[in-house]
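Q: The structure is given below, and queries will be raised subsequently.
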Amino acid sequence: RRRLARQYQFELVDLTATDWGNGPDDTKAVQLWRDPIVTATEPADGAVDVPVDTPVSLTWSLPMDAGTSFDVSGPGGSVSGSFSADVSNQIITFTPDVPLAAGTVYTVTAAGQVSNGNVQQVTAVSTFTTITVQEMINQLIQDVEALNSAGTLNKGQTNALVKKLEGAITKFNAGQPHVAVARLNAFINQVNGLVGDGVLTSAQGQALIHDAQVIIAAINAG
């Protein structure tokens, strides 16, 4: 007898997509399990160069009960902050009490949260990395140079501000964070002087000062 060989073909189907409403849903994840699942994170998992003052948000598949929370942790343990919900109670946002440390990996973990009595069964874990101090200062240098290009600052004013910021990078790289903070405070003082002289508007000055203060807070948090 001759045996007939049977050939089988298999097709891999992705049943994990959560973009419901965009095209047919027959190959997407089940949208309405009784227990809630996390469907999106912000910052996205694996994100880099995340601003140190960014909030962290999780989007859930169902409206969540009051008091829903999650953990944001870094090398020093859990980060303190406050939680808020959008009108649907599906987007829960965490705002840190102080800026996060620069150039640091943070882990976001959500487990055991509740929606209408149904407990989350699948733990959600994601990570992101904050922007470095050096890159934050470089961005501030670019902002100063843009004011020079626009004719708001002259060459001397620009060079004086940039020199202070470059000095902050040098001292930070040399392991002297307190001196780097002093250079940034000197930058703030000069900006205040330019506002007082009418060279910069209050809005322009405050934008530069805010960014410098965020960098100082990030250095102090490191």
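The values are calculated or read from the model by the stated rules, or taken from the named source; none is laboratory data. The structure presented is a predicted model; accordingly, all values stated were derived computationally and were not measured. Virtual Cβ from ideal backbone geometry, glycine too; neighbours counted across all protein chains shown. Ligands, DNA and RNA are excluded from the accessible area calculation, which covers all protein heavy atoms including side chains. Shrake-Rupley method; radii C 1.70, N 1.55, O 1.52, S 1.80 Å.
Q: Pick from V72, V122, V133: which is most flexible by mean-square fluctuation in a GNM of the chain where alpha carbon atoms under 10 Å apart are linked?
A: V122
Q: Within the chain, what whole-number % of the accessible surface is contributed by carbon and sulfur, with the 1.4 Å probe and all protein chains included in the calculation?
A: Numbers: 6500 of 12970 Å².
Looking at the chain in its full context, I get 50 percent from C and S.
Q: Can I ask one more? Please compute the net charge surrounding A174, taking Lys and Arg as +1 and Asp and Glu as -1 over other residues with Cβ under 13 Å from its Cβ.
A: Values: positive: K171, R183; negative: E166.
Counting the neighbours of A174, the net charge comes to +1.
Q: Mind checking the full-extension length gain between Q142 and D97? Use 0.36 nm per residue of separation minus the Cα-Cα distance, one decimal, nm.
A: Working: separation 45, 0.36 × 45 = 16.20 nm, distance 2.80 nm.
Gain in length upon complete extension: 13.4 nm.
Q: Hey, rough spin-label estimate for N89 and A150, points 7 angstrom out along Cα→Cβ, what's it come to in nanometres?
A: 4.5 nm
Q: Find how much the distance from A182 to V105 grows on full extension, using 0.36 nm per residue of separation minus their present alpha carbon separation; answer in nm with one decimal. If you can, show how the numbers build up before the last one.
A: Details: separation 77, 0.36 × 77 = 27.72 nm, distance 2.62 nm.
Value of the extension gain: 25.1 nm.
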